[in-house]
Amino acid sequence: MDGTVVVVDLGRLPYEAAHRLQVDARDALIDERGPQTLFLVEHDPVVTLGRRGNRGGILSERALAAAGIPVLETERGGDVTYHGPGQLVAYPILDLRKRDSDVRRYVEDLERTALRTLESYGLSAQADPERHGVYTTRGKIASIGVHVSHWITMHGIALNIDPDMEHWSLIAPCNLPDVQATSMAAELPLPPLFSDVKERFVEAFSAVFAIPIEWGTAYGRTTRA
């Protein structure tokens, strides 16, 4: 892929606010008014349902309500998933026409980015071509759900660094009863620093996608110290 991807670190942001930024960036890229962008964000607790999703993957509606965790429908692919603090979510806004308009390759490259990030910590994991996402022997550590319009991508990948696993117990990830969620904190002797994982993820993304990156701005401030 030619060109450059601008990395924008949004910090912690509600899901709906990040979604609006994705839509704006996608529309700007479609109209050739804006660059390809990689949003990085940590969400407030939320459960989302993809295009194939239904509430059957929610194990306790009452517990979600008691915890104040909303359930939102989205246009991404996939089923039910959880986002929350301690999870790195990456939303690439890319033009797939620069990658042979190959959606499968794009999804696999997202998986490879997560795998490369985990490998940098000595963690062994693998992708599952049937279920998508990234798995260790303990469970699913990264979830993928994408949306493509006019060959421009939205949504992306979520990597569990050190989220509240009690929240994960309220859903069946991807509506698969035999799949458990895991995290880097559960797999490593000590939880990794969120900022360090973020840096390594961006490095892996640049290497896997063979594209240079530059750090951009959000809300009028630099996104990198």
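For the range 179-212, filtering for residues that are over 17 Å from the mean Cα position of the chain (by Cα) and among the polar types (S, T, N, Q) leaves 1.
Within the range 141-159, the residues that satisfy the criterion of being in a strand (DSSP E or B) and either farther than 24 Å from L118 by Cα or of a type in the set (S, T, Y) (or both) are S143, H147, V148, S149, I152, T153. Taken over the range 145-156, residues that are surrounded by fewer than 24 Cβ atoms within 10 Å (Cβ to Cβ) and within 13 Å of the chain's Cα centre (by Cα) amount to 3.
For the range 181-219, the set of residues classified as assigned to a helix (DSSP H, G or I) and β-branched (V, I, T) consists of V197, V202, V208, listed by residue number. Among the candidates V5, V80, the residue that is among the hydrophobic types (A, V, I, L, M, F, W, C), buried (at least 20 other Cβ atoms within 10 Å of the Cβ) and at pLDDT 95 or above is uniquely V5. Of V7, V23, all but one fail to be closer than 21 Å to I213 by Cα, of a type in the set (A, V, I, L, M) and in a helix (DSSP H, G or I); the exception is V23. Would you say G57 is within 16 Å of A172 (Cα to Cα), touching a strand residue (DSSP E or B) at 6+ places or on another chain (Cβ under 9 Å) and small (G, A, S)? When the stated conditions are applied, G57 passes them. Screening L110 on (1) touching a residue at least 40 places away in the same chain (Cβ under 8 Å); (2) out of contact with any Gly (no Cβ under 7 Å at 6 or more places or on another chain) shows it passes everything except condition (2). If you go through the range 46-65 one residue at a time, how many are part of a loop (DSSP other than H, G, I, E, B) and surrounded by 20 or more Cβ atoms within 10 Å (Cβ to Cβ)? The total comes to 2.
Being under 25 Å from Y15 (Cβ atoms), among the polar types (S, T, N, Q) and modelled with pLDDT of 95 or more is a description that applies to T113. If we scan the range 121-132, do we find a residue that is closer than 30 Å to S60 by Cβ, among the charged types (D, E, K, R) and within 17 Å of the chain's Cα centre (by Cα)? Yes, that holds for at least one residue. Going by what's in this entry, would R33 be described as surrounded by fewer than 20 Cβ atoms within 10 Å (Cβ to Cβ) and at pLDDT below 90? No: the conditions fail for R33. Restricting the range 109-139 to residues that are in contact with a strand residue (DSSP E or B) (Cβ under 7 Å, 6 or more places away or on another chain) and of a type in the set (D, E), the residue that is surrounded by the fewest Cβ atoms within 10 Å (Cβ to Cβ) is D128.
The values are calculated or read from the model by the stated rules, or taken from the named source; none is laboratory data. Remember, predicted model here, so these are calculated numbers, not experimental data. Neighbour counts run over all protein chains shown; Cβ positions are idealised from the backbone, glycine included.
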